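Bear in mind that the values in this text are calculations on the coordinates, not laboratory data. This one's a predicted model, so the numbers in the text were calculated from it and none came from an experiment. A quick note on method: Cβ atoms are made from the backbone with ideal geometry, for glycine too, and the neighbour counts reach across all protein chains shown.
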Amino acid sequence: MTDDTVDVLIVGAGASGAALAWSLLETRMRILCLEQGPHLPDSQFPSRRDDYELARYAEFSCDPNVRGLQQDYPINVDDSCIAPVNFNGVGGSTINFLGHWPRMKPSDFRTRSLDGVAADWPVDYATLAPFYDQNDRNTGVSGLPGNPAYPDYAPELPPLPIGKLGQTLAAGFNALGWHWWPSDAAILSRDHEGRSKCVNAGTCDLGCAAGAKGGTNFTYWPMLQSAGVELRTQCRVREVRVDPATGLASGVLYYGPDGQLHEQKAELVVLACNGIGTPRLLLNSKSQLFPDGLANRSDQVGRNLMFHPLTGVSGVFDAPLEGHKGPMACSILSQEFYETDPGRGFVRGYGLHSGRSTTPMTYALGGYGIDRPIPWGAAHREIMDEVYPNLASLTVVAEDLPEAHNRVTLDPTLTDSDGIPAPKVSYRLGDNTRAMLAHGTDRATELLLAAGARRVLAKGEDAVWWRAGWHQLGTCRMGPDPETSVVNGWGRCHDVKNLFIVDGSVFVTAGAVNPTSTIQALALYVGDSIKTNISTLFD
Amino acid sequence: MTLILEPSLRAVLDLSLDLLIPANPARDIPSAGALGVADFVLRTAQAAPADAAHMAQILQALQALDGPPTPDALRAVEQAMPEAFQTLLRLTYMGYYSRPDMREKVGVASWPVHPKGYDVPRESSALMDALTAPVRARGRIYRDAVVMTGDLS
Ligand SMILES: Cc1cc2nc3c(=O)[nH]c(=O)nc-3n(C[C@H](O)[C@H](O)[C@H](O)COP(=O)(O)OP(=O)(O)OC[C@H]3O[C@@H](n4cnc5c(N)ncnc54)[C@H](O)[C@@H]3O)c2cc1C
Ligand code: SF4
């Protein structure tokens, strides 16, 4: 079956695809988005159930290999110390993301010039700043203006409560003279533009049944659908096709909800499938012109995979800190150790994030993203009765550097439910990252003691969180040189002039912050560049 | 795989679960076996072939015990079949803590977290000002980036 040609075809209805579509609305082009997952109503989010925690180990696991739903694609992680996690549906991984919303900093875009590592980005903070602002307005962001760790900007809504736990840790940071600030959050601290404020339920990974979290299912998609953007769900793209005569993308082949293969033609194709899904799709799109995968003449598609490796340290305090009350990841953030200090023995840096505490089942099973149940027997009772309620934790979120051997390839045998080859991830920690995590573990320990912890529990040697592959970056990086990068400075593939990439795979470096505000700011910037260059777009 | 238990084996399983998550009588917290968590464990294991196979191994080991289960006996089972034991432990913890009443015993609300959530008051501006004063007093801590020139696109 062949459908009508559309002007713009976006693959993926998550964070970046939605932002890009919004940016192009004013062009009045015909925009179609194909999404492999369903459009879940918030009534199906599990936090309204009595046994809501069970969903975290089943259909709402962040790990597609655990969920194993029809719309998920399996990921071979045998050769990785971190498992990538995601969600596939309208909203993408912003369905189960935690809404922590820090921006990258000016220095993050200039790591080569400033620190002699990786490469500088072809865009800088100042260029992206208005797009960060626009995206924040579209999303609804809470936070406290005046953070001295950033150039000036002001979140529109007041900060979320940092709670007893945040106040306790803040006192510790102040005692040591270290930076901290209430977290910016894509979560509403008050009712805003028809959406309800956060009720502090603490289960942001299970969807947000209040609609307070800035998933694109709640923010961009309602606007896009009422503006006429066509969204086809349960449509999984198998490959992007190229016209051999022009070398341009002509559209895609996709499996529809009927299980049949369809062709969709388009003038312009945009990939927004996340940092694993996009290289997978390009590598699956082989042709005579591109025998090694589409837009892969540089051999950079899939390489330079970066996560934010993290580890955690918990302190046991004298009284309950009620850490389960409030958005799961958004209380306070310290960027004391973010910028490079040569005296520390590594370049670049990390953040100390105060996640709140998790719910009892998840704690008993080892913590969020970890499969290591706490002890059984008398020790179990003691931990759950005396330790769990009195915990405060810090996660050390490290900047990963791009390394060519950390990569996404295609698995020779594993496939998704449509028979499309699945991705395989090969990833190991670099020495710089290890040094950073060790430093961060020591500083987090120091902080917890300064905040009044009577003892500290670290996860132990080398314990990066297993399901910490929340941020999948770098696998189709931006750059000026077609020999060493996949897309140019505004997201257009060097090798295919009407093919754009807008998800985190275009990141040149990872910074040490959660990436989604930057991913979406970049998507808006790419959209703006498409509009600016419209008359010469394919030259 | 169907896991059907003779009453005597079911009693051994209940006692074993009591050892995995014991009671805290001082706070009126029941143990896992007494709470009937075995029903959850068996039902859930049956739905996943790998878990069912592990549980079958565990049940066999429990049946072979000389007398009622003890912590030492369970530790021996754990050492002999670590993967199967991890499955038992995981399902026991899941069964126990998916109960709203047990959640409440460790300080977390029994109600589904939506729509009610929790009432957490926002800090007043005065408190936030006081808390952040030392951070603001230190001044800016980010680095400026070098300006690049030339067409990089
Ligand atoms: C548990 C969790 C917690 C997180 N917490 C945070 C946080 O606090 N802050 C933060 O900044 N970030 C967080 N993230 C990361 C954040 O969710 C992602 O950075 C963001 O969603 C990426 O946007 P994207 O558009 O690249 O991909 P996604 O939002 O993942 O969207 C990609 C979409 O593409 C679809 N797709 C993929 N392949 C195909 C195909 N072949 N055909 C059709 N459709 C396809 C997928 O189904 C998916 O819906 C978290 C992620 C997870 C999983
Ligand atoms: S804590 Fe707030 S943001 Fe998170 S799920 Fe609950 S209401 Fe939504």
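Worth pointing out:
- If you take the Cα centroid of region B:19-80 and the Cα centroid of region A:445-510, the two points sit 41 Å apart.
- Using only Cα coordinates, the Kirkwood hydrodynamic radius of region A:444-539 works out to 16.1 Å.
- Cα point-scatterer Debye curve for region A:230-315, base-10 log of I(q)/I(0) at q = 0.18, 0.25 Å⁻¹: -0.83, -1.33
- Take each residue of peptide A:163-169, count the partner chain Cβ atoms within 10 Å of its Cβ, and average: the result is 2.
- Chain B: angle of helix B:37-46 to the longest principal axis, Cα-based, in degrees nearest 10: 90 degrees
- Cleavage-rule hits (trypsin sites (Lys or Arg not before Pro)) in region A:1-57: DSSP loop, at most 11 neighbouring Cβ within 10 angstrom: A:28
- Rounded to the nearest whole angstrom, the semi-axes of the ellipsoid equivalent to chain A, taken from the Cα gyration tensor as √(5λ), stand at 37, 24, 23, largest first.
- Euclidean distance between Cα centres, region A:175-217 to region A:21-83, Å: 19 Å
- Ordering A:283, A:237, A:330 by Cα displacement along the dipole of chain A toward the positive end leaves A:330 in first place; charges were set at the Cβ atoms of Lys, Arg (+1) and Asp, Glu (-1).
- Extreme residue, positive dipole direction of chain A, given options A:18, A:391, A:367 (C-beta unit charges): A:391
- Note on A:384-392: average number of Cβ atoms from other chains within 10 Å of each residue's Cβ is 3.
- Long hydrophobic helices in chain A: the complete DSSP H runs spanning 27 Å or more by Cα along their own axis with mean Kyte-Doolittle hydropathy of at least -1.0 are A:431-450.
- For chain B, the longest principal axis of the Cα atoms and the long axis of helix B:82-97 meet at an angle of about 70 degrees.
- Rg over Rh, two decimals, region A:282-326 (C-alpha only, Kirkwood Rh): 1.52
- Expected 222 nm ellipticity per residue - DSSP helices of 4 or more, -39500 (n - 2.57), all of chain A, to 500: -6000 deg cm²/dmol
- Ranked by the mean number of other Cβ atoms within 10 Å per residue, highest first, peptides B:22-32, A:495-505, B:38-48 order as A:495-505, B:38-48, B:22-32.
- Taking all Cα-Cα distances within region B:7-105, those exceeding 20 Å account for 32%.
- Near residue A:507, once Lys and Arg are set to +1 and Asp and Glu to -1 for all other residues with Cβ below 13 Å from its Cβ, the sum equals -3.
- Amide H contacts for residue A:457 (H built 1.01 Å from N in the peptide plane; partners 5 or more residues away or on another chain; cut-off under 5 Å): A:314, A:315, A:316.
- Charge dipole (region B:20-152, unit charges on Cβ, about Cα centre) - positive-most of B:48, B:114, B:135: B:135
- From most to least packed by mean Cβ count within 10 Å, the peptides A:470-477, A:378-385, A:257-264 give A:470-477, A:378-385, A:257-264.
- Kirkwood-Stokes translational diffusion coefficient of region A:109-214, alpha-carbon pairs, 4 °C, 1.567 mPa s, µm²/s: 81 µm²/s
- Averaged over A:206-219, number of beta-carbon atoms from partner chains that fall within 10 Å: 1
- Against chain B, whose longest principal axis comes from its Cα atoms, helix B:125-138 is set at around 70 degrees.
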